[in-house]
Amino acid sequence: MSVEVRDGGLLVDTATWAGWADGGEVPQEARELIEQVPGGEQGLDAARAPLVVVQIQTATPGGVFTHEAWVGAEAVAVLVDLEGTDRRRVVVLPPDHLGAALARVVGIAPRAHAQADREPREVSAEALEAWFDPQASAEERAAADLGADRSWRLVAAAVGSTQAPLMLAALDGRTSGVWVVEASEEALRLVPTTPTQVWRGLTGLLPSLVPQADPGGPGDTPPDAEA
């Protein structure tokens, strides 16, 4: 077990967190550390009784990282991969801040408009997988010809539901703008979109998986991004 408080935040390894989520005992020493962090106990409750679990992979010139969000009835525990290891910083937020937290993780923010003449294009499954291969070159981890330098993909599932998980993958960059992956029976395509459209998808994620969830709240005010 690896649990510590650093700079006022809780750090935990993924195996320890998974054990807690699976109903494993939380040692008294760990509980005392959790209680030192604002919202720590609510974050633990989210792990042990989640409504929705989200996994987000991000690939940047700095490496490939895996983040998670565990959504409970009263809090969201966001596990931020800061080191590219099995250790995560736990950030606890109200459930209606989930969309804003995901947007921050994937880098959706106000920016200048991308070119208006972008056209959809096909992308292979092999190229998509290479975006998230830690052994791939920086050029392989993104579509350099588009000017993209980072990518991300998200899978979100409602716990105990038969509803299919929601999935979203995208390329992004200062000059490329945002491109999302759309799948059909024939092929995968990169389709140009805007930060605003992606924001709406991220903030609508929780209500779409848990219909009674309230989509409103201070965390759901859209950024002043591309229209």
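For the range 34-44, residues that are surrounded by fewer than 16 Cβ atoms within 10 Å (Cβ to Cβ), part of a helix (DSSP H, G or I) and in contact with a strand residue (DSSP E or B) (Cβ under 7 Å, 6 or more places away or on another chain) total 0. Residue count for the range 87-107 satisfying the condition of being without any contact (Cβ under 8 Å) to a residue 60 or more places away in the chain, closer than 30 Å to residue 175 by Cα and not in a helix (DSSP H, G or I): 0. When residue 88 is tested against (1) basic (Lys, Arg); (2) open to solvent by 40 Å² or more (accessible area, probe 1.4 Å); (3) touching a helix residue (DSSP H, G or I) at 6+ places or on another chain (Cβ under 9 Å), exactly one condition is not met: (2).
Among strands (runs of 3 or more DSSP E) lying entirely in the range 108-227, which contain 2 or more residues that are touching a helix residue (DSSP H, G or I) at 6+ places or on another chain (Cβ under 7 Å), at pLDDT 80 or above and open to solvent by less than 90 Å² (accessible area, probe 1.4 Å)? By residue number, 150-158, 166-172, 178-183.
When the range 1-33 is filtered for residues that are more than 23 Å from the chain's Cα centre (by Cα), crowded, with 16+ Cβ neighbours inside 10 Å and within 22 Å of residue 94 (Cα to Cα), only 33 remains.
The values are calculated or read from the model by the stated rules, or taken from the named source; none is laboratory data. All of these numbers come straight from a predicted model, not from anything done at the bench. Positions of Cβ are backbone-derived with ideal geometry, glycine not excepted, and every protein chain shown enters the neighbour counts. What goes into the accessible areas is simple: the full protein's heavy atoms, side chains included, and nothing from ligands, DNA or RNA. Shrake-Rupley method; radii C 1.70, N 1.55, O 1.52, S 1.80 Å.
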